[in-house]
Amino acid sequence: MSHSLDIQAIRNDFPILNELVNGKPLVYFDNAATTQKPRLVLDALSGYYEHYNANIHRGIHFLAEKATSAFEQSRHRLQAFLNAAHAEEIIFTYGTTDGINLVASSYGRTFLKAGDEIIISTMEHHSNIVPWQMLCEEKGCVLKVIPINDEGEILMDEYEKLLTERTKFVSVVHVSNSLGTINPVKEIIAKAHAVGAKVLLDGAQASSHLTIDVQDLDCDFYSLSLHKIYGPTGMGILYGKRDLLNAMPPYRGGGEMIKEVTFEKTTYNELPYKFEAGTPNIADVVAAKFALDYVDTLGKPNIAAYENELLKYATEAVSEIPGLKIIGRAKEKVSVLSFVIDGIHHQDIGVLLDQQGIAVRTGHHCTQPLMNRFNITGTSRASFAVYNTTEEIDKLIVGLHKVQKMLG
Amino acid sequence: MTINEIQDELISDFELFDEQLDKTQYIIDLGKKLPPIDEKYKTDEYLIHGCQSKVWLAAEFRDGRLYFLGDGEPTAQIAKGLISILIKILSGQKPEDIANADLYIMERVGMGALVTSRRSGGLAAMIQKMKGFGTVYSQLEV
């Protein structure tokens, strides 16, 4: 074993894993959609509401000070998590989608103009397609799409052909939610910078599996969601290089993001508050720190090594299912196993596995253009996290045999 | 038979099975018995939107009653089973009864979750479409 984790002890940290589904012990393989939360995070959430719930910043009283301090500690924790140079480069958002919209709206509307080209890839989530399409419609920009091969890997030579002096922005997914592919983002960023384009990475999937160093990557923006890293739902962060964020106008108006308001003119607050209008999601931000502490206690390399073992085990195990085809066979991938089975609709697979207590996701996974690329309407996707086991994968295999028997 | 009488009769069939998977197998088997519909109905016009799988539904209004024709794509066996159950219950009923039907059978056969999880199930979309026909034709009668 290449990891040093006590998986049973880890499972005990996640109360939800004791649930029964349809009378059977829950097998949770929908981790790419959201991960479950360790007790530590649940306690942090209730602890915040029980002991120091208050609105943050500008409060003069004890609770407000304590809540503000915990909130800002989370920002510093996330700075360290991404190795960002400055804490004010961490903007709290509602999640990955929100961060991408912030950049498309604020940076895009300010710095992009008609005829400028934006590059995305075939494997983007809708959240990294639609905001750019909206921008293109409004500003007259042109969206270009990097093709992929049959294994689900970006074709780098095709990407290079798309890069021209008209390319002003590249927005690609670090790790594909549908395929598990880890994209060569460092190379993608360097090539984009060579033509003067800025780069955003959609880190929704990558952040739970890979060690992220935004300075080493040299990305201009990085957007992620904490609920995919064992943290709470409804919050994420946008990392942006300080100079870029400073040059961008606010995205939303309201409280917190202002320096001074008169009816004649409003001046805006400094980073990061300029982009954090209104009362933020304080409890979830506070609890996010504990999720990252939990991940660090286990060690991301340990988590990755164990998840890779699960992926390898599952990939070999499903090969015995007649008619099953894995969608996404990139050389570099995380623990996502997407598949189709001849003659069986993915929805039926999902329903029948659920009735056996096994949670997978079925459908297009918000990547319809990617499904079109493979000439399919959807897949069944099993995605593994650190608390999953090979015994659970064995149950999946038994479950799939049962599905085939029932529908045969 | 009324809508509820048909539902109750079907429920008693399902109660022969203890295990949820066996109930679902029965749904699948009912789908296999669904008579094929004319290819002319398998167009976007008759497609039920909101299903992960393709399900088509057409309605004919005769003598104050609505008659349904439906089918699903061949691989979508659970969806076919569900539409066949709905057709068994609602086809030949009065439009206002269809519009106001309480389809409690779905909960009883273990498909309640598919009614509420609108995105994944599509069952809610099937019910909505059939009730929609009921509403439209009940208003026409007046």
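The values are calculated or read from the model by the stated rules, or taken from the named source; none is laboratory data. Keep in mind that this is a model prediction, so the values were computed, not measured. Methodologically, a virtual Cβ is constructed for each residue, glycine included, from the backbone with ideal geometry; neighbour enumeration extends over all protein chains shown. SASA here: full protein model, heavy atoms, side chains in, ligands and nucleic acids out. Shrake-Rupley method; radii C 1.70, N 1.55, O 1.52, S 1.80 Å.
General remarks:
- One residue stands out in segment B:3-32 among those that are more than 14 Å from chain A (Cβ to nearest Cβ), of a type in the set (A, V, I, L, M) and in contact (Cβ under 8 Å) with a residue 60 or more places away in the chain: the one that is surrounded by the fewest Cβ atoms within 10 Å (Cβ to Cβ), namely B:Ile11.
- Looking across segment B:56-81 at every residue that is more than 28 Å from A:Asp342 (Cβ to Cβ) and in contact with a Ser or Thr (Cβ under 8 Å, 6 or more places away or on another chain), the one that is most open to solvent (accessible area, probe 1.4 Å) is identified as B:Tyr67.
- Condition met for A:Gly363 (under 19 Å from the mean Cα position of the chain (by Cα) and among the small types (Gly, Ala, Ser)): yes
- Any hit, segment B:127-141, residues being within 14 Å of chain A (Cβ to nearest Cβ) and within 29 Å of A:Ile341 (Cβ to Cβ): no
- The number of residues in segment A:369-378 being within 19 Å of A:His125 (Cβ to Cβ) and away from chain B (no Cβ under 12 Å) comes to 5.
- Residue that is least open to solvent (accessible area, probe 1.4 Å) [pool: residues in segment A:325-345 that are touching a residue at least 24 places away in the same chain (Cβ under 8 Å) and within 14 Å of another protein chain (Cβ to nearest Cβ)]: A:Ile341
- If you go through segment A:130-150 and pick out every residue that is in contact with a helix residue (DSSP H, G or I) (Cβ under 8 Å, 6 or more places away or on another chain) and open to solvent by 20 Å² or more (accessible area, probe 1.4 Å), you end up with 8.
- Within segment A:113-127, tally of residues that are under 20 Å from the mean Cα position of the chain (by Cα) and in a loop (DSSP other than H, G, I, E, B): 4
- As for segment A:365-373, it holds at least one residue that is open to solvent by 10 Å² or more (accessible area, probe 1.4 Å), part of a loop (DSSP other than H, G, I, E, B) and not hydroxyl-bearing (Ser, Thr, Tyr).
- The set of residues in segment A:347-361 that are under 11 Å from A:Lys395 (Cβ atoms) and more than 9 Å from chain B (Cβ to nearest Cβ) comprises A:Leu353, A:Gly357, A:Ile358.
- Residue match in segment A:103-112 (condition: on the phi < 0 side of the Ramachandran plot, in the same structural domain as A:Asp284 (by TED's automatic domain parsing), in contact with a Cys (Cβ under 7 Å, 6 or more places away or on another chain) and not in a helix (DSSP H, G or I)): yes
- Test for B:Tyr41: is it of a type outside the set (A, V, I, L, M, F, W, C) and open to solvent by less than 40 Å² (accessible area, probe 1.4 Å): yes
- Any hit, segment A:379-401, residues being within 11 Å of chain B (Cβ to nearest Cβ) and assigned to a helix (DSSP H, G or I): yes
- Restricting segment A:163-186 to residues that are more than 20 Å from the chain's Cα centre (by Cα) and surrounded by fewer than 19 Cβ atoms within 10 Å (Cβ to Cβ) leaves a set whose member that is nearest to A:Ala330 (Cα to Cα) is A:Thr164.
- Against the test of being part of a helix (DSSP H, G or I) and either at pLDDT 95 or above or more than 19 Å from the chain's Cα centre (by Cα) (or both), the options A:Leu311, A:Leu271 yield a single qualifying residue, A:Leu311.
- Unmet requirement for A:Thr379, which otherwise passes all of (1) under 30 Å from A:Ser74 (Cα atoms); (2) buried (at least 23 other Cβ atoms within 10 Å of the Cβ); (3) not hydrophobic (A, V, I, L, M, F, W, C): (1)
- A:Gly408 meets the conditions (1) farther than 17 Å from A:Ser319 by Cα; (2) more than 27 Å from the chain's Cα centre (by Cα); (3) more than 14 Å from chain B (Cβ to nearest Cβ) in every case but one. The failed one is (3).
- Hey, A:Glu153 closer than 27 Å to A:Val340 by Cβ, open to solvent by 50 Å² or more (accessible area, probe 1.4 Å) and over 16 Å from the mean Cα position of the chain (by Cα) or not: no
- The residue pairs whose first member lies in segment A:258-272 and is without any contact (Cβ under 8 Å) to a residue 24 or more places away in the chain and assigned by TED's automatic domain parsing to the domain that holds A:His86, whose second member is part of a strand (DSSP E or B) and among the hydrophobic types (A, V, I, L, M, F, W, C), and whose beta carbons are closer than 9 Å, counting only pairs six or more residues apart or on different chains, are A:Thr266/A:Ile258; A:Thr267/A:Ile258; A:Thr267/A:Val261; A:Tyr268/A:Ile258; A:Asn269/A:Ile258.
- Output for segment B:54-70, where each listed residue is touching a strand residue (DSSP E or B) at 6+ places or on another chain (Cβ under 6 Å) and within 14 Å of chain A (Cβ to nearest Cβ): B:Val55
Residue-wise test of (1) among the charged types (D, E, K, R); (2) in contact with a strand residue (DSSP E or B) (Cβ under 7 Å, 6 or more places away or on another chain); (3) assigned by TED's automatic domain parsing to the domain that holds A:Thr379; (4) modelled with pLDDT of 95 or more.
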position: A:Gln133; (1), (2), (3), (4): no, yes, no, yes
position: A:Asn149; (1), (2), (3), (4): no, no, no, yes
position: A:Ile182; (1), (2), (3), (4): no, yes, no, yes
position: A:Ala190; (1), (2), (3), (4): no, no, no, yes
position: A:Asp202; (1), (2), (3), (4): yes, yes, no, yes
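- Test: residue in segment B:116-125 that is charged (D, E, K, R), more than 12 Å from the chain's Cα centre (by Cα), surrounded by fewer than 19 Cβ atoms within 10 Å (Cβ to Cβ) and modelled with pLDDT of 95 or more: no
- Qualifying position, being crowded, with 17+ Cβ neighbours inside 10 Å and in contact (Cβ under 8 Å) with a residue 60 or more places away in the chain, among B:Ser91, B:Ser53, B:Ser84: B:Ser53
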